[in-house]
Structure formats: C-alpha cells, structure tokens
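These notes concern the structure reproduced below.
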Amino acid sequence: MKGLDVRFISTIPQIMEKIDFTYLEVLSEDDDDFKDEFIVTFETTYVSLIKKMRDELANGEMDKLSKSAHQLKPSTKMIALPCSDTLEDLQYHPEKASEELIADINMQCENALAQLKEWAGK
C-alpha cells in the first residue's frame, strides 16, 4: 500500500458499507453466547486500542503505536473493515499516523459495532 493521503480519507463520506456476516454466522453456528462474547470483545478491544493509539501518537511513541495497530488489525479483518489495510500500513509505517486517521479507524469500528449489535439482536 502506498502512502496514505489523509486529505482524501477525511473527505470520504461517513457511510459504512454493510458488514457481510457470513463468516461470523458460520463461526457462531447461531450461538447467542458466541455473538455476545464476540461483540463485547470487539468493543473492548477497539475502544482501548484506539485510546492507546491516540495517546501514543500524542507522546510520539511510534513503536508502541505500531504494536497497537498490529493488535487491532485482527479484529477489523474478522469483519472485513476497510481500515484493516490502514492498520497494516500503520503497523509498518507508524510515522504516517495522524489524529484524523485514527478518528477514521474509530468511526469505522463504531459503525461496525452498531451493525454487530443489530446482527445479534441487541
């Protein structure tokens, strides 16, 4: 992935594509406990890691930000969020991080959480 152009990302409409739940349906086997646990884990993970990434950016701790991006990536890949590619790029090039980029990742995760809760009937 080439360099991220934050000017472009910040102009993307705040519309989230619908998540394809096929993979999660197969994993969950319609088990409500699995769905609930997945949602709680996703929310806990992204909320704490987004906060951590913001703090690390503010403190110039780019090695730590790289690790946080790496930790968040599997959760976003599981539900095929577009920010998975951004997180992978940040993992290897944390110097590209910005508050706007982290805000975009956060927005995608928030939208995904709302869809996950709807999917699980919450």
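The values are calculated or read from the model by the stated rules, or taken from the named source; none is laboratory data. Predicted model, so just to flag it, every value in this text is computed and none were measured. Quick reminder, even Gly has a Cβ in these numbers, built from the backbone with ideal geometry, and neighbours come from all protein chains shown. The protein model used for the area step is the full one, side chains on, heavy atoms only, and it has no ligands, DNA or RNA in it. Shrake-Rupley method; radii C 1.70, N 1.55, O 1.52, S 1.80 Å.
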Task: Flag for residue 96 being touching a helix residue (DSSP H, G or I) at 6+ places or on another chain (Cβ under 7 Å), over 20 Å from residue 40 (Cβ atoms) and basic (Lys, Arg) - done: yes
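Only one of these is open to solvent by less than 60 Å² (accessible area, probe 1.4 Å), of a type outside the set (Val, Ile, Thr) and more than 23 Å from residue 40 (Cα to Cα): 113, 72, 101, 81. Name it. Before the answer, list the steps.
Numbers: 113 fails: more than 23 Å from residue 40 (Cα to Cα); 72 fails: more than 23 Å from residue 40 (Cα to Cα); 81 fails: more than 23 Å from residue 40 (Cα to Cα).
That would be 101, the only listed residue that is open to solvent by less than 60 Å² (accessible area, probe 1.4 Å), of a type outside the set (Val, Ile, Thr) and more than 23 Å from residue 40 (Cα to Cα).
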- [ ] Give just the number: which of (1) modelled with pLDDT of 95 or more; (2) of a type in the set (D, E, K, R); (3) open to solvent by 40 Å² or more (accessible area, probe 1.4 Å) does residue 56 not satisfy?
- [x] (3)
Open item on the list: Here is a check on your reading of the model: is residue 68 more than 19 Å from residue 114 (Cβ to Cβ) and modelled with pLDDT under 95?
Closed with: no
Open item on the list: Looking at region 94-122 only, could you name the residues that are within 14 Å of residue 53 (Cα to Cα), without any contact (Cβ under 8 Å) to a residue 60 or more places away in the chain and of a type outside the set (Gly, Ala, Ser)?
Closed with: 94, 95, 99, 102, 105
- [ ] Could you list all residues from region 34-79 that are closer than 16 Å to residue 21 by Cα and aliphatic (A, V, I, L, M)?
- [x] 39, 78, 79
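When the residues of region 1-53 are narrowed to those that are of a type in the set (Lys, Arg) and either buried (at least 16 other Cβ atoms within 10 Å of the Cβ) or touching a strand residue (DSSP E or B) at 6+ places or on another chain (Cβ under 8 Å) (or both), which ends up modelled with the lowest pLDDT? Before the answer, list the steps.
At the first step, the residues of region 1-53 found to be of a type in the set (Lys, Arg) are 2, 7, 18, 35, 51-52.
From what's left, either buried (at least 16 other Cβ atoms within 10 Å of the Cβ) or touching a strand residue (DSSP E or B) at 6+ places or on another chain (Cβ under 8 Å) (or both): 35, 52.
On the way: 35: 92, 52: 98.
This residue is 35.
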